[in-house]
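Below: the structure, in structure tokens.
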Amino acid sequence: MKRAGIDIFWHRGVVLVLVLAIIGWFGLTSLSAAEKSAPTELNIAIPCLTAIEQPWITSLIQALERVKAEKPHGLTINWNISENIAPADAERVMKQYAKSGKYGIILDHGTYPEADAKLSKEYPDILWAFTGSGHNPLGGNGYWLDVYLHEPAYLCGIIAGMMTKSNVIGAVASFPYPNVDLPINGFIAGAKSVNPDIKIRMTYLNSWWDPPKGKQSALAQIAAGADFIYAERFGPFEACKEKGKLAFGHFVDQNSLAPDVVVSSPVARWDPDLRTIIDAWWDHETKGKPYDAPMERIVFFMKDDGSELAPYHSLADKIPPEVKAAVNKAKADIMSGKLKVPFNVKQIIPD
């Protein structure tokens with residue numbers, strides 16, 4: 001009986017070990033299969049309203065390059081950009097992207113709200129993202145992204161307000177739209193925070209792309225006394241170079257375009273926006289998590305890496321130490337939350 005008991009115990013032990021081994025093998029096999037099924041690439045389609053030279057587009061490309069280098073979730077990220085897509089043609093182009101089955105994210109960087117609303121319902125497994133003004137929140141798989149530059153523009157205004165010799169500053173912009181007026185109002189607020197005598201010259205080009213008109217507008221502002229120009233569009237740098245005045249860029253670090261003219265630039269950083277939609281796409285693909293876009297814009301402020309002030313580059317020596325100190329203090333106060341730059345989207349009325 002003793003021998004039988006030992007045999008029974010031994011056989012049961014062998015069976016238990018075998019069962020555990022089989023369970024473990026299946027578990028490892030399932031894990032291996034899951035790992036193999038996880039995507040290794042993400043393709044993003046980006047229809048744009050203008051040419052990629054437009055800083056609005058360039059800022060997104062630069063952010064894509066930075067995020068791609070991070071390899072979020074181990075992904076290789078590729079993108080395909082279509083330039084100069086007119087609103088009337090947007091739905092056709094975006095639908096071609098969707099029907100191809102190649103793209104996990106379609107990112108409208110040109111303001112096509114009707115096409116976004118329609119196609120996001122037709123293709124619920126694609127993450128649809130759209131940027132800037134002119135949209136409505138969609139929720140679900142429709143993510144509204146934006147960047148606000150009023151905080152670094154405020155810092156540019158401090159420079160202009162403290163260094164101006166005429167007490168007149170100017171701005172050349174595209175249209176009187178909220179996203180356009182917000183940074184310029186920030187620039188003006190920064191200038192007036194250190195110099196209440198500031199007067200503003202303002203020109204809207206009523207065009208997204210007209211460098212010759214931008215130059216002529218800046219020349220007119222300089223003739224009217226402006227010695228610093230906020231260039232929301234291309235053109236003013238050439239005017240400032242001809243007349244020996246200084247300017248600020250917009251959306252990207254534009255110093256390389258006119259090193260003797262561009263003091264600094266408010267820079268848009270789409271990086272956290274991109275990480276947000278990539279994470280949402282990943283969770284949907286790997287965990288089956290439903291898309292759940294908020295019913296509002298996704299915006300990251302300066303303290304959250306949503307914007308920054310470009311370096312002074314070779315013009316650093318022309319900025320007095322007290323000006324740099326004022327900018328650094330204001331920046332620290334913005335980052336800590338002590339300074340709240342006014343969120344003003346009203347159309348600018350020149351003085």
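The values are calculated or read from the model by the stated rules, or taken from the named source; none is laboratory data. If you're wondering where the values come from, they're calculated on a predicted model, not measured in any experiment. Neighbour counts run over all protein chains shown; Cβ positions are idealised from the backbone, glycine included.
Going by the conditions given, is K102 of a type outside the set (S, T, N, Q), in a loop (DSSP other than H, G, I, E, B), assigned by TED's automatic domain parsing to the domain that holds T286 and surrounded by fewer than 21 Cβ atoms within 10 Å (Cβ to Cβ)? If you could, list the steps in order and put the result at the bottom.
Working: of a type outside the set (S, T, N, Q): yes; in a loop (DSSP other than H, G, I, E, B): yes; assigned by TED's automatic domain parsing to the domain that holds T286: yes; surrounded by fewer than 21 Cβ atoms within 10 Å (Cβ to Cβ): yes.
Yes; evaluated as a whole, the condition is true for this residue.
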- Message: Which pairs turn up if I take residues in the stretch 241-253 that are at pLDDT below 95 and look for partners that are in a loop (DSSP other than H, G, I, E, B) and crowded, with 21+ Cβ neighbours inside 10 Å with beta carbon separation below 6 Å, at least 6 apart in sequence or on another chain?
- Response: none
- Task: Considering each of V168, V180, V172 in turn, give the residue that is among the β-branched types (V, I, T) and either under 19 Å from the mean Cα position of the chain (by Cα) or not assigned by TED's automatic domain parsing to the domain that holds A247 (or both).
- Result: V180
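Residue by residue, here is whether (1) closer than 19 Å to V267 by Cα; (2) within 23 Å of the chain's Cα centre (by Cα) holds:
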{"position": "H73", "(1), (2)": "no, yes"}
{"position": "N78", "(1), (2)": "no, yes"}
{"position": "I105", "(1), (2)": "no, yes"}
{"position": "G140", "(1), (2)": "no, yes"}
{"position": "L145", "(1), (2)": "yes, yes"}
{"position": "T164", "(1), (2)": "no, no"}
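Return the only residue of V345, V327, V341 being in a helix (DSSP H, G or I), at pLDDT 95 or above and on the phi < 0 side of the Ramachandran plot.
Working: V345 fails: in a helix (DSSP H, G or I); V341 fails: in a helix (DSSP H, G or I).
It is V327.
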- Subset of the stretch 174-184 [surrounded by fewer than 24 Cβ atoms within 10 Å (Cβ to Cβ) and in contact with a helix residue (DSSP H, G or I) (Cβ under 8 Å, 6 or more places away or on another chain)]: S174, L182
- Among the residues of the stretch 199-231, write down those that are in contact (Cβ under 8 Å) with a residue 40 or more places away in the chain and over 29 Å from the mean Cα position of the chain (by Cα). K199, Q221, I222, A224, G225, A226, D227
